[in-house]
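Q: Sharing a structure here in structure tokens format.
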Amino acid sequence: MEETTNLGFTVAYKVDQITAIKPTESGEYQGRAYDASMKFRSTNLVTKDDPDLGLIDVETHIEFSIPCNDRDLKKLNQYLRNLMKTKKSITIYGGIASRNDNKSIYSVKSLMTGQEIMSTTEESKTIKN
């Protein structure tokens with residue numbers, strides 16, 4: 001179990017482009033219970049000039065995990081897909097991004113739940129249950 005005992009800072013991530021959305025219902029895996037969450041990814045692309053190869057593209061992937069309950073999962077999925085479709089930005093507040101198990105994808109856990117995120121934006125008011 002992990003619990004934040006002191007929140008001395010947060011990082012605000014402005015996500016301008018969502019590239020993948022992965023809802024996950026609560027459940028159990030190998031005897032361990034998991035809460036529902038919504039994960040989505042975004043990618044930055046930098047083109048560099050390599051002396052041997054010429055121009056190369058370097059991707060930086062980040063995955064955000066938003067804690068939520070099963071009841072709000074579908075609505076949050078629709079909310080994020082609407083942002084992706086309309087190319088609107090979202091701000092996620094979390095800690096410093098980390099890479100677990102030498103993966104190439106950075107991970108950030110949102111400090112706000114899906115319900116809190118949806119209730120703080122005008123965009124969510126247009127989404128029906």
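Q: Give the number of residues within region 15-45 that are within 24 Å of Gly95 (Cβ to Cβ) and either among the hydrophobic types (A, V, I, L, M, F, W, C) or not in a strand (DSSP E or B) (or both).
A: Number of matching residues: 13.
Q: What about Asp52, is it more than 12 Å from the chain's Cα centre (by Cα), under 30 Å from Asn6 (Cα atoms) and of a type in the set (D, E, K, R)?
A: Numbers: more than 12 Å from the chain's Cα centre (by Cα): yes; under 30 Å from Asn6 (Cα atoms): no; of a type in the set (D, E, K, R): yes.
It is false that Asp52 is more than 12 Å from the chain's Cα centre (by Cα), under 30 Å from Asn6 (Cα atoms) and of a type in the set (D, E, K, R).
Q: Cβ-Cβ distance below 6 Å, separation of 6 or more or different chains: which pairs start in region 84-97 with a residue that is farther than 14 Å from Thr120 by Cβ and end on one that is of a type in the set (D, E, K, R) and surrounded by 10 or more Cβ atoms within 10 Å (Cβ to Cβ)?
A: Partner pairs satisfying both residue conditions: Gly94/Lys109.
Q: Out of the residues in region 1-50 that are among the aliphatic types (A, V, I, L, M) and in contact (Cβ under 8 Å) with a residue 40 or more places away in the chain, state the one that is surrounded by the most Cβ atoms within 10 Å (Cβ to Cβ).
A: By that ranking, first place goes to Met38.
Q: Which residue, of Leu53, Leu76, is buried (at least 16 other Cβ atoms within 10 Å of the Cβ) and at pLDDT 95 or above? Give the derivation first.
A: On the way: Leu53 fails: buried (at least 16 other Cβ atoms within 10 Å of the Cβ).
It is Leu76.
Q: I've got another one for you. Would you be able to say whether some residue in region 110-117 is modelled with pLDDT of 95 or more, assigned to a strand (DSSP E or B) and not aromatic (Phe, Trp, Tyr)?
A: Within region 110-117, one or more residues are modelled with pLDDT of 95 or more, assigned to a strand (DSSP E or B) and not aromatic (Phe, Trp, Tyr).
The values are calculated or read from the model by the stated rules, or taken from the named source; none is laboratory data. As the structure is a computational prediction, the values presented were derived from the model and not from experiment. Glycine gets a Cβ as well: all are built from the backbone with ideal geometry, and neighbour counts include every protein chain shown.
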